[in-house]
1. State all residues of region 57-77 that are without any contact (Cβ under 8 Å) to a residue 12 or more places away in the chain, exposed (fewer than 15 other Cβ atoms within 10 Å of the Cβ) and in a helix (DSSP H, G or I); if no residue qualifies, say none.
2. Looking only at region 162-213, count every residue that is part of a loop (DSSP other than H, G, I, E, B) and of a type in the set (D, E, K, R) and tell me the total.
3. Within region 70-92, count every residue that is within 16 Å of the chain's Cα centre (by Cα) and not basic (K, R).
4. Pick from K74, K43, K81: which is modelled with pLDDT under 85 and more than 19 Å from R136 (Cα to Cα)?
5. Quick one: is L194 within 27 Å of S128 (Cα to Cα) and more than 27 Å from the chain's Cα centre (by Cα)?
6. For the subset of region 84-114 comprising residues that are among the polar types (S, T, N, Q) and crowded, with 16+ Cβ neighbours inside 10 Å, which member is nearest to L140 (Cα to Cα)?
7. So the check is Cβ under 6 Å with 6+ separation or different chains; which pairs have a first residue in region 86-112 that's over 18 Å from E71 (Cβ atoms) and a second one that's surrounded by fewer than 19 Cβ atoms within 10 Å (Cβ to Cβ) and modelled with pLDDT of 85 or more?
8. Looking at region 133-151 only, could you name the residues that are in contact with a helix residue (DSSP H, G or I) (Cβ under 8 Å, 6 or more places away or on another chain), assigned to a helix (DSSP H, G or I) and over 14 Å from A113 (Cβ atoms)?
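The values are calculated or read from the model by the stated rules, or taken from the named source; none is laboratory data. Because the structure is a prediction, the values reported are computed rather than measured. Note that we place each Cβ from the backbone using ideal geometry, even for glycine, and neighbour counts take in every protein chain shown.
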Amino acid sequence: MSELKTEEEQIEAFKSWWKKNGIILVVAVALAVGGYFGWQAWKTSQANYTSEASALYQNLVQASADLSDEENQKTVTFIAKQLVDDYGDTGYAMFGQLFLARVDAENGQYDDAISALDTAIAKTKDVSFIAIANLRVARLLLQKEDYAGAMARAEQVTAEEFEAQQQELIGDILISQGKRDDARVAYTKANEALGVGVNHPLLDIKLKDLVKG
C-alpha cells in the first residue's frame, strides 16, 4: 500500500512539475529543433550561393580566353559586374576585377583598368592578390610611360613568391628609360629568384640582349 502511495505521489509530483515546466520544455525543444534545421538551411543556402558565384566565374574565365572578340569582352564585363553586385563578399568578385581590367587594357583604357584593380585591392587583405594586382597596375602605368608611378607600384610588391615577376618588371621599367646597367641587375635578380632548374625563355632573351649591347 505504501508503495502504491509512493507511486501516486510521484505521479502527482510529476504532474505538478509538468504544469510549471512543461511548456518551457516544449518551447526549448522546439527552439532547438528549429535552430538545427535553420542552421542546415543556412548552410545549404551558403553552399548554393558560392556554387552560383563559382559557375559565373567559370563562364567569365571561358569568355576571357579570347578578348580580341568584342562579344567576349561584353560577356566578361557583364559577368564581372554581376559578381561584384550580387556576390561581392566572395573571392570570385575580387578576381573578376582582374578580368575586367584586362578588357579595359585590351581597349587601351588604362585608367579604367587601373581603377578596377585599385577597387579590388581596397576590398581585400589577401597578400597574393594584392601583389598580382599591383604588378598589373605597374605594367599599365609602364604602358602609359609613367615610369615613376610604375616603379612605385612595383616596389610595393613585398611577397617573396613574386620576387621574380617584380624584378623582371623593374627591369622592364628601367630598360624603357634607357638604364641598361640597372636593368641588367634587375633581370639578374629575377633570374636568381626563379630558382635552379626553372626556365624563363623571355627573361633569358632580355639578359642576352643586354650582354650583346
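1. Q58, Q62, A65, D66, E70, E71, K74 - these are the residues of region 57-77 that are without any contact (Cβ under 8 Å) to a residue 12 or more places away in the chain, exposed (fewer than 15 other Cβ atoms within 10 Å of the Cβ) and in a helix (DSSP H, G or I).
2. So the count comes out to 1.
3. The qualifying residues number 13.
4. After ruling out the rest, the residue left standing is K43.
5. It is false that L194 is within 27 Å of S128 (Cα to Cα) and more than 27 Å from the chain's Cα centre (by Cα).
6. Checking each candidate, the answer is Q97.
7. Listed pairs, sorted by first residue: M94/T124; Y110/Q143; Y110/K144.
8. First pass over region 133-151, keeping only residues in contact with a helix residue (DSSP H, G or I) (Cβ under 8 Å, 6 or more places away or on another chain): 133-145, 147, 149-151.
Restricting the remaining residues to those that are assigned to a helix (DSSP H, G or I) gives 133-143, 147, 149-151.
Across region 133-151, the qualifying residues are Y147, M151.
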